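Please treat every number below as a calculation from the coordinates, not as lab data. In this text the structure is predicted, and so the values were computed from the model without any measurement. Reconstructed Cβ throughout: ideal geometry from the backbone, glycine too, with neighbour counts over all protein chains shown.
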Amino acid sequence: MPPILQLDLQQILSQAISFALLVVVLRKFAWGPLLGILDQRRARIEADLRQAAESKEALGRLQHELSTRLAKIDEETRNKIQQALLEAKRVSLEMQEQARVQARAILAKSQETVEQELAQAKAMLRDQIAEMTVQAVERVLQQKLDQPSDDKLISGILDELERQAPRQAG
Amino acid sequence: MSAEAAHGGIPEIPNFITVLYNWQQEHPLVQFLHRWENVVFAAIVAVALALVAWRYARHPVMIPRGAQNLLEVLVEGIDNFVRSIIGPTGRAHTPFIGTLFLYIWLMNLSSLLPGMKPATSSLNTTIGLALAVFCYVQYTRVRTLGIGAYIHHLAGSPHFDDLKSAPVWMRPVLLVIKLFVMALLFVLELVGEFVKPISLSLRLAFNIFAEDVLLAVLLGLGLSAGMLLHFPLPFQFFVVPLVLIFSTVQALVFSLLSSVYIALMLPHGEGAAHGEHH
């Protein structure tokens with residue numbers, strides 16, 4: 001009989017038992033640890049990918065929030081600048097008005113002072129003219145004067161008056 | 001060829017046990033090795049597998065290095081293969097199917113190693129594997145269904161309601177007949193379940209045996225030509241690629257059909273292939 005057809009129950013059972021033992025050994029030392037590590041790695045990769053996706057989503061949310069906040073800040077800044085410009089314009093107008101009022105007051109006061117000084121100068125001039133007239137009359141009365149001498153005297157008095165008038169005004 | 005006479009004229013490549021046997025036939029250890037030749041060669045492969053597992057897979061690390069990479073590729077490939085047949089619950093059966101595949105594959109390939117013999121070229125080995133598959137499948141079925149449902153299913157899922165409609169005096173007779181048929185069906189079903197892996201074992205053993213014989217014939221042819229030419233011709237190398245392919249295919253077929261048997265044993269919806277076969 002060819003060897004392949006020679007059946008032996010003991011050998012059959014031995015082969016079955018040795019295979020069962022091999023399954024037990026490999027399950028303990030190969031399949032268990034390797035499948036376990038593959039599962040762990042798969043779980044870790046999945047967790048990492050999930051975390052990366054969540055981080056990406058969070059980043060997107062933050063970016064959106066940031067851009068919204070920046071837009072809001074821009075708007076607020078623009079409003080504040082606008083308000084500041086309006087305030088500045090208002091203050092400027094107020095200052096202009098105030099300056100105008102003050103200028104008007106100063107002008108009025110200056111005019112009043114000038115008028116007062118002019119009046120004083122006129123009064124002083126009148127007093128001096130009167131005094132000089134008195135002196136001139138006295139001089140005329142003290143000297144015997146002829147007509148040409150009178151004219152000369154009067155014109156001399158008038159010249160002197162003209163010289164003194166600007167000095168009094170200054 | 002020296003081994004030819006001892007095996008009824010069928011050529012066989014001498015292995016280290018046949019060499020020892022031809023050298024020291026009377027030694028009891030040699031006689032023992034010769035008697036248990038296939039078991040010894042299967043044990044060598046099993047020990048080699050166990051050692052590799054012990055050395056490289058016992059404490060795997062998260063970032064694989066060296067041999068762990070190769071083992072992980074192998075383990076993941078087998079796991080995907082098993083789960084593609086059985087379904088998500090197939091993970092529980094990966095160690096059994098994976099070990100079966102690796103064991104058969106390496107035994108088949110051992111024919112290419114000098115001094116070795118493929119243990120799968122013997123029916124004793126393959127029927128032993130078939131017995132292991134049968135026991136595992138039945139164990140899986142009992143564990144999944146429960147012992148009562150298992151026996152009920154094997155006995156043809158009988159119903160006793162029709163006995164009520166029969167006359168009272170006929171009921172014991174009908175019951176006895178029914179029980180007899182149930183017992184008969186149980187035995188037939190069990191034999192049918194056992195025949196499935198047995199058919200696989202026949203296919204595997206005869207294929208590997210034929211490969212072994214082919215290698216031996218070509219080796220003998222090369223040696224004969226060498227005697228004439230004073231230079232041996234390695235004719236057997238031409239069939240080495242075929243041996244590699246057939247060894248892998250045979251291991252794959254055995255594992256695939258064993259997975260299908262397991263899938264058929266699982267309750268409806270649990271195994272992916274279950275629905276297709278009912």
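Here are the numbers for this structure:
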| read-out | value |
| --- | --- |
| Ellipsoid semi-axes in whole angstrom, largest first, where each is sqrt(5λ) of the Cα gyration tensor of region B:187-265 | 39, 13, 4 |
| Whole-number percent relative contact order across region B:48-113, with pairs defined as alpha carbons under 8 Å at least 6 apart | 22 percent |
| For peptides A:56-64, A:32-40, B:246-254, B:127-135, sequence by mean Cβ density within 10 Å, most packed first | B:127-135, B:246-254, A:32-40, A:56-64 |
| Degrees separating the helix B:67-86 axis from the principal Cα axis of chain B, which is the longest one | 30 degrees |
| Sorted peptide list for B:47-55, A:44-52, B:85-93, criterion being average Cβ within 10 angstrom, highest first | B:85-93, B:47-55, A:44-52 |
| Packing-based exposure ordering (other Cβ within 10 Å, fewest first) of B:Ser224, A:Ser18 | B:Ser224, A:Ser18 |
| Chain B, relative contact order [Cα under 8 Å, separation at least 6], % | 26 percent |
| For region B:98-155 and region B:163-236, distance of Cα centres in Å | 12 Å |
| Under 12 Å from the Cα of B:Lys117 - aspartates and glutamates, other chains or at least 8 residues apart | B:Glu12, B:Glu37, B:Glu211, B:Asp212 |
| For region A:9-169, projected area of the alpha-carbon convex hull averaged over all directions, nm² | 22.3 nm² |
| Long-range Cα-Cα pairs in region B:148-210 (distance over 17 Å), rounded percent | 57 percent |
| Radius ratio Rg over Rh of the protein assembly as shown, counting only Cα atoms, Kirkwood formula for Rh | 1.87 |
| Test item: B:190-200 mean partner chain Cβ contacts at 10 Å | 0 |
| Simple label model, 7 Å out from Cα along Cβ direction - A:Ser149 to A:Ala43, nm | 14.7 nm |
| Radius of gyration and Dmax over the Cα atoms of chain B, both given in Å | 24.3, 91 |
| Ellipticity estimate at 222 nm from DSSP helix runs (n ≥ 4, -39,500 (n - 2.57)) divided over chain B, nearest 500 | -23500 deg cm²/dmol |
| Cα-centred dipole magnitude for region A:9-169, charges only on beta-carbon of K, R (+1) and D, E (-1), debye, nearest 20 | 2040 debye |
